């Protein structure tokens with residue numbers, strides 16, 4: 001069988017080779033029309049780009065003899081010359097003899113505006129205008145704001161309308177504009193199509209503008225490039241045969257992609273969103289070894305080699321806008337590296353973008369453990385990016401809970417590798433997520449202050465902590481659900497309530513849901529704590545108390561408990577009951593009720609019940625926190 | 001290169017020795033309509049052929065499959 005397949009392949013190769021010989025003979029003997037026909041046959045036998053290019057080149061040498069000429073011009077913002085041989089093949093197949101003009105790379109504006117340009121001298125019958133979205137709007141891959149998007153939408157509309165108008169004023173050619181298409185991954189992930197600054201909707205808007213403008217002109221068309229590109233993928237991804245046989249539509253390849261994308265929804269639902277990306281430097285954020293070649297010798301800049309690293313850094317920076325933290329772990333001398341982080345003109349990521357930095361010669365597993373401790377997040381929330389396979393293997397073996405990415409050898413694939421990960425998705429983006437990176441930066445300043453303060457209490461006073469506590473309302477629900485599903489350490493019962501349950505609690509007269517917002521002199525922490533309380537006949541039962549790890553150690557949890565206590569006392573409740581369910585991770589919460597004066601009353605199925613009599617016992621707010629309560 | 005029996009046994013998880021030319025959806029557990037789609041996909045990939053849909057419908061036994069594959073130039 002193997003042998004037989006080789007035979008068939010060899011047979012096909014032989015045929016192509018024979019056809020080339022036929023062509024050469026015809027060309028050599030000056031039988032031009034027959035030579036053209038031989039080329040037609042050749043590209044049918046071998047539809048590869050290489051053969052199409054060979055045929056196109058040969059036709060120029062042969063000289064044209066065919067009838068029905070057509071003059072085709074291409075204006076583009078990127079290199080589209082490789083389209084010409086394929087278009088040539090298609091024209092011949094249709095019985096046309098084409099002539100082509102491809103305007104110099106990215107000079108479409110001059111070509112259109114200058115009446116004596118090569119374009120007009122060529123006298124095209126049809127002009128394809130291919131402007132890439134990234135060229136029209138270079139900021140598109142760097143999380144543009146709503147304002148940027150609105151501005152560039154108007155600019156693109158104006159640019160295309162102007163080009164078409166000027167072109168039409170100087171030429172009778174049919175004008176075909178390619179749809180601007182965004183082919184990258186959205187920096188917003190699965191949230192893209194529910195945001196005002198999402199790129200999918202914006203791309204739709206841009207193209208709807210163009211379709212409207214061009215649709216009103218008989219000489220201008222919009223080529224549906226997205227559909228065309230989709231078809232290229234669909235060719236392999238869709239199968240009518242499977243549909244006829246089994247009412248299936250997707251091939252295995254497409255199903256694999258679909259399954260992978262589906263995990264972008266499953267992972268955040270199950271609290272598996274990774275929170276921190278630890279990156280190496282040499283070979284990862286830039287090319288080359290800075291300790292050997294110096295800051296000016298590394299590969300990092302607007303042209304290759306180097307542009308691939310700039311692009312990769314942009315993708316990492318985009319992650320921070322979703323609340324993902326970045327950290328550096330590099331074997332280097334700080335003196336070699338810091339000038340790059342601080343001053344290199346083409347660095348996208350700067351010192352302030354990293355929540356933690358470890359530049360030393362120690363074992364990377366140790367460094368990662370330390371970073372986890374410093375940032376107060378679990379190692380199972382970490383992603384590790386390092387171009388060195390030895391370091392990756394070390395982390396895989398020593399810290400299997402860290403997601404170690406098999407970074408490709410080719411740095412031009414770094415960005416797409418990162419963007420193909422389904423581990424950074426959120427089901428809702430909260431203000432806290434967007435501010436997280438800057439909050440951790442403020443944390444570093446707080447720690448510096450801690451070191452300079454004498455006692456812990458002096459330190460806490462110097463932070464000027466403000467806590468605001470209120471009854472939860474509808475707009476708090478997304479953040480509440482997010483915290484309930486990802487908070488592990490300070491979480492009394494780890495009950496993973498979802499949106500419908502929380503909405504019910506918020507609306508229910510039998511439940512009280514409290515939210516805690518905290519700020520200090522370095523900035524706002526946002527909504528970082530919550531409590532769910534159920535009113536029973538003679539007792540108030542605290543179903544859950546949780547606190548973001550960012551504010552652990554400030555005693556703000558006491559403020560939450562004090563608020564519940566005040567309300568219970570006001571309603572003359574005989575008992576305040578706090579439930580505690582121990583887990584592998586919530587050790588830091590184990591003594592929460594004890595240290596606030598609760599007594600362990602019993603334990604059922606691993607759930608402890610702690611009680612306190614609000615009529616007798618007392619809970620006080622910490623002296624260093626300015627508390628503001630709103631609502632009853 | 002695996003034999004036809006090995007491909008069929010791989011798809012349905014049965015011993016290759018338990019298959020013969022008359023093995024069919026009636027005698028092989030799991031060879032239902034969905035199993036048939038999986039079998040065709042496996043045959044296409046393994047023998048590097050694209051099987052026409054009317055042939056797919058004819059593939060009612062191991063013997064019949066062999067006959068069809070031979071017609072595609074596969075020495076199955």
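For this structure, a couple of remarks:
- Inspection of segment A:51-63 finds a residue satisfying the criterion of being within 27 Å of residue A:118 (Cβ to Cβ) and out of contact with any helix residue (DSSP H, G or I) (no Cβ under 9 Å at 6 or more places or on another chain).
- Boolean, residue A:542 is in a strand (DSSP E or B), at pLDDT 95 or above, farther than 29 Å from residue A:461 by Cβ and in contact with a strand residue (DSSP E or B) (Cβ under 7 Å, 6 or more places away or on another chain): no
- Qualifying residues in segment A:547-569 (those that are modelled with pLDDT under 90 and outside any loop (DSSP other than H, G, I, E, B)) - the one nearest to residue A:621 (Cα to Cα): A:551
- Of the residues in segment A:325-337, at least one is buried (at least 21 other Cβ atoms within 10 Å of the Cβ), closer than 19 Å to residue A:143 by Cβ and in contact with a helix residue (DSSP H, G or I) (Cβ under 9 Å, 6 or more places away or on another chain).
- Unique residue being without any contact (Cβ under 8 Å) to a residue 24 or more places away in the chain and not in a loop (DSSP other than H, G, I, E, B) when the list is A:524, A:501: A:501
- Filtering segment A:472-493 to residues that are in a helix (DSSP H, G or I) and touching a residue at least 60 places away in the same chain (Cβ under 8 Å) leaves A:483, A:484, A:485, A:486.
- Those helices (runs of 4 or more DSSP H) of chain B in which at least 2 residues are closer than 24 Å to residue A:248 by Cα and within 10 Å of another protein chain (Cβ to nearest Cβ), considering only elements entirely within it, cover B:33-47, B:53-58.
- Residue count, segment A:376-393 (criterion: touching a helix residue (DSSP H, G or I) at 6+ places or on another chain (Cβ under 7 Å) and either in contact (Cβ under 8 Å) with a residue 60 or more places away in the chain or not in a helix (DSSP H, G or I) (or both)): 7
- Against the numbered list (1) within 16 Å of residue B:1 (Cα to Cα); (2) touching a helix residue (DSSP H, G or I) at 6+ places or on another chain (Cβ under 6 Å), residue B:73 comes up short only at (2).
- Among the criteria (1) free of Cβ contacts under 8 Å to residues at least 40 places away in the same chain; (2) within 11 Å of the chain's Cα centre (by Cα), the one residue B:66 does not fulfil is (1).
- Residue A:90 modelled with pLDDT of 85 or more, in the same structural domain as residue A:138 (by TED's automatic domain parsing), surrounded by fewer than 16 Cβ atoms within 10 Å (Cβ to Cβ) and more than 30 Å from residue A:156 (Cα to Cα): yes
- The listed residue being exposed (fewer than 14 other Cβ atoms within 10 Å of the Cβ) and in the same structural domain as residue A:579 (by TED's automatic domain parsing), out of A:463, A:484, A:456: A:456
- Test: residue A:293 is in the same structural domain as residue A:364 (by TED's automatic domain parsing), farther than 23 Å from residue A:369 by Cβ and surrounded by fewer than 19 Cβ atoms within 10 Å (Cβ to Cβ): yes
- Here segment A:214-242 is the region considered, the condition is being assigned to a helix (DSSP H, G or I), under 21 Å from residue A:83 (Cβ atoms) and touching a strand residue (DSSP E or B) at 6+ places or on another chain (Cβ under 8 Å), and the residue that is nearest to the other protein chains (Cβ to nearest Cβ) is A:225.
- Selection from segment A:247-293 of residues that are away from chain B (no Cβ under 14 Å), without any contact (Cβ under 8 Å) to a residue 24 or more places away in the chain and over 25 Å from the mean Cα position of the chain (by Cα): A:288, A:289, A:292, A:293
- Of all residues making up segment A:32-50, the number that are surrounded by 14 or more Cβ atoms within 10 Å (Cβ to Cβ) and in a loop (DSSP other than H, G, I, E, B): 1
- For segment A:65-102, the set of residues classified as in a loop (DSSP other than H, G, I, E, B) and within 43 Å of the chain's Cα centre (by Cα) consists of A:77, A:78, A:79, A:80, A:81, A:82, listed by residue number.
- Number of positions in segment A:243-295 that are part of a strand (DSSP E or B) and closer than 30 Å to residue A:331 by Cβ: 7
- Only one of the listed residues (A:436, A:415, A:358, A:396) is assigned to a helix (DSSP H, G or I), surrounded by 18 or more Cβ atoms within 10 Å (Cβ to Cβ) and in contact with a strand residue (DSSP E or B) (Cβ under 8 Å, 6 or more places away or on another chain). That residue is A:436.
- Within segment A:581-630, the residues that satisfy the criterion of being part of a helix (DSSP H, G or I) and more than 23 Å from residue A:538 (Cα to Cα) are A:587, A:588, A:589, A:595.
- For the condition in the same structural domain as residue A:112 (by TED's automatic domain parsing), at pLDDT 90 or above, buried (at least 19 other Cβ atoms within 10 Å of the Cβ) and closer than 16 Å to residue A:77 by Cβ, residue A:210 qualifies.
The values are calculated or read from the model by the stated rules, or taken from the named source; none is laboratory data. The model shown is predicted, which means the values in this text are computed figures rather than measured ones. Cβ atoms come from the backbone with ideal geometry, glycine included; neighbour counts cover every protein chain shown.
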